[in-house]
Amino acid sequence: MSVDTATVAKIASLARIKVSEQELEAMVPELNGILAWVEQLGEVDVTGVEPMTAVIPNKLRLRDDVIDADPLTGGNRRDAVLANAPAAEHGFFGVPKVIE
Amino acid sequence: MTDLTELGVAQIRDGVAGGEFTAVEVAEAFNANVAAAQDALNAFIVTTPDAAIDAAKATDAKRAKGEALGKMGGVPIGMKDLFATRGVQTTAASHILEGFRPEYESTVSQKLWDAGAGMLGKLNLDQFAMGSSNETSYFGNVISPWRRNDGGNAALAPGGSSGGSSAAVSARLCPAATGTDTGGSIRQPAAFTGITGIKPTYGRCSRWGIVAFASSLDQAGPMARDTRDCAIMLEAMAGFDPKDSTSLDMPVPQWEAGLSADLKGKKVGIPREYSMDGMDAEIAALWDQGVAWLKDAGAEVVEISLPHTKYALPAYYIIAPAEASSNLARYDGVRYGLRDLPDGANLQDMYAATRAAGFGAEVKRRILIGTYVLSAGFYDAYYTQAQKVRTLISQDFAKAFEECDVILAPTTPTASFALGEKSDDPLSMYLNDVFSVPASLAGLPAMSVPAGINREGLPLGLQVIGKAFDEQGVLNAGLAIEQRAGFTAKPAKWW
């Protein structure tokens with residue numbers, strides 16, 4: 001399978017990365033080179049093989065159902081959460097207007 | 001007086017504990033080396049000399065009071081800038097995280113500080129750990145301290161993604177450094193710079209607070225000058241962490257105490273599929289030499305087969321970008337990091353502009369590949385197929401380990417290359433990871449040990465791959481190679 005300019009533009013839009021026409025032109029052959037190379041995986045007979053889900057068998061744990069069991073990752077940390085926000089306003093994350 | 005910066009982790013720990021020198025003297029000596037090399041090597045993104053001194057003072061004070069020092073007591077280290085460090089800029093070598101000062105400390109770095117280590121600074125790396133030459137950092141290339149012996153001064157790659165770590169350890173800017181390994185990012189740079197590095201079993205070291213690249217593969221580990229130093233530092237880094245859902249809930253073995261280069265009764269597997277056409281003759285010869293060394297250490301050598309080896313790299317370059325595209329969706333210009341808000345832009349425009357300005361070319365390339373292979377209509381053909389192939393690769397190793405205890409292979413297909421030599425061709429760069437990626441896909445412990453010098457005067461590494469949870473077996477085989485290789489070469493100081 002190979003991609004064309006329109007497909008790469010669609011992927012970039014899905015990935016929320018703005019790309020110029022010029023960048024698109026450069027990316028098409030690069031991505032096609034990589035995709036052509038990974039295509040060889042199609043040769044492998046995977047009949048009856050399960051896709052890997054955990055590289056080392058491990059049980060998913062549940063934490064104790066306690067509020068703020070870990071004070072660092074629990075609640076009431078508003079200022080710490082906002083400390084690195086590019087536009088923190090009135091205790092919230094500021095974003096451009098989304099409702100007209 | 002001894003040059004303290006020539007000492008490794010064990011020597012510093014023991015010297016400080018025994019009162020031969022103080023931790024502050026050690027920190028000052030390394031701080032001086034860091035400052036003197038920064039312009040030439042660019043190994044650090046941020047240096048933190050005061051943090052190193054403060055930690056050293058704390059260690060000296062503990063010793064004065066007669067208290068026991070930690071496993072890393074008095075040892076200053078470099079911290080790859082992928083680990084969140086409270087109050088100290090953490091960037092993953094990206095523009096999008098420039099200026100980000102975490103409000104928390106990663107589990108691994110906290111464990112190292114608790115063990116008595118101090119921080120010399122945050123080490124440069126490939127952007128978001130994506131690269132094999134340290135040429136994708138927003139903060140500039142790291143230059144290897146090594147040069148070819150041809151009299152030319154070509155700037156060489158320190159390897160990647162942990163290129164700041166490898167350059168700094170090999171140039172004696174720090175006795176040890178943290179690395180992370182997703183497809184070879186500890187082992188390949190270690191091999192390129194003549195140092196030792198181990199990626200433990202997936203889940204040994206907590207991923208909490210490490211900037212995520214490909215979560216099913218990312219694993220932290222130590223990079224240092226020898227096997228013992230790696231064993232000590234890995235003990236300090238490893239351990240169960242409830243904040244990481246894939247953390248192994250197992251006790252941390254005493255790897256240093258368990259070190260033994262006597263391999264009697266052990267079987268070493270040589271994978272036939274790793275003998276590839278066009279393999280560098282010096283690498284092939286070194287591999288043969290490694291076999292002889294391990295036999296000399298008492299091991300029996302057997303040929304094994306890992307039939308799906310050739311599919312590991314293409315599977316990796318589907319799985320890792322897929323996970324990266326998902327992990328890096330968090331950089332949205334809202335919660336932390338860069339925001340690019342063009343005039344009149346709406347929220348969607350802001351996301352796209354921010355990510356365009358904040359990510360480098362290789363990161364964008366991988367996000368796009370990942371987005372494509374996960375998109376509707378292509379998911380099964382690419383992603384599910386790759387995960388099935390990953391199962392087969394893991395099964396190959398399981399079968400091989402019925403016949404052997406550890407596997408010996410080269411770490412890299414070539415020695416270090418010049419900067420710019422491969423950066424225009426993503427595929428040729430990806431091929432650097434051909435020997436390191438299979439163990440990553442299977443989550444197995446694997447280390448690189450410096451084993452020789454090629455005719456250009458550059459270091460070459462051998463790789464030992466072990467069974468899951470058997471870091472001890474890997475370290476012991478590494479030690480046996482180390483003792484016989486007698487690798488003492490270091491880069492001639494030009495910086």
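Just so it is clear, none of the values below were taken in a lab; they were calculated from the coordinates. This structure is a prediction, so every number in the text was calculated from the model and none was measured. Glycine also receives a Cβ, built like all others from the backbone with ideal geometry; neighbour counts cover every protein chain displayed.
Scanning the range B:242-298 for residues that are of a type in the set (G, A, S) and within 14 Å of chain A (Cβ to nearest Cβ) gives B:S245, B:S247. Residue count for the range B:101-150, restricted to those that are closer than 18 Å to B:G420 by Cβ and either in a strand (DSSP E or B) or among the acidic types (D, E) (or both): 3. Checking each residue in the range B:246-277 for being surrounded by 15 or more Cβ atoms within 10 Å (Cβ to Cβ) and of a type in the set (S, T, Y) picks out B:T246, B:S247, B:Y274.
Yes/no matrix, rows are residues, columns are (1) of a type in the set (G, A, S); (2) touching a helix residue (DSSP H, G or I) at 6+ places or on another chain (Cβ under 9 Å); (3) in a helix (DSSP H, G or I):
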site	(1), (2), (3)
B:F21	no, yes, no
B:N33	no, yes, yes
B:D60	no, yes, yes
B:T90	no, no, no
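Taken over the range B:339-368, the residue count meeting the criterion of being at the interface with chain A (Cβ under 7 Å from one of its Cβ atoms), surrounded by fewer than 24 Cβ atoms within 10 Å (Cβ to Cβ) and of a type in the set (A, V, I, L, M, F, W, C) is 7. Report yes if B:A115 is out of contact with any strand residue (DSSP E or B) (no Cβ under 6 Å at 6 or more places or on another chain) and more than 23 Å from B:D14 (Cβ to Cβ), otherwise no. Here the answer is no, as B:A115 does not meet what is asked.
Within the range B:369-379, the presence of at least one residue that is surrounded by fewer than 24 Cβ atoms within 10 Å (Cβ to Cβ), of a type outside the set (A, V, I, L, M, F, W, C), more than 7 Å from chain A (Cβ to nearest Cβ) and farther than 26 Å from A:Q22 by Cβ is confirmed. Against the test of being aliphatic (A, V, I, L, M), out of contact with any strand residue (DSSP E or B) (no Cβ under 8 Å at 6 or more places or on another chain), assigned to a helix (DSSP H, G or I) and surrounded by fewer than 12 Cβ atoms within 10 Å (Cβ to Cβ), the options A:A12, A:A6, A:A69, A:A36 yield a single qualifying residue, A:A6.
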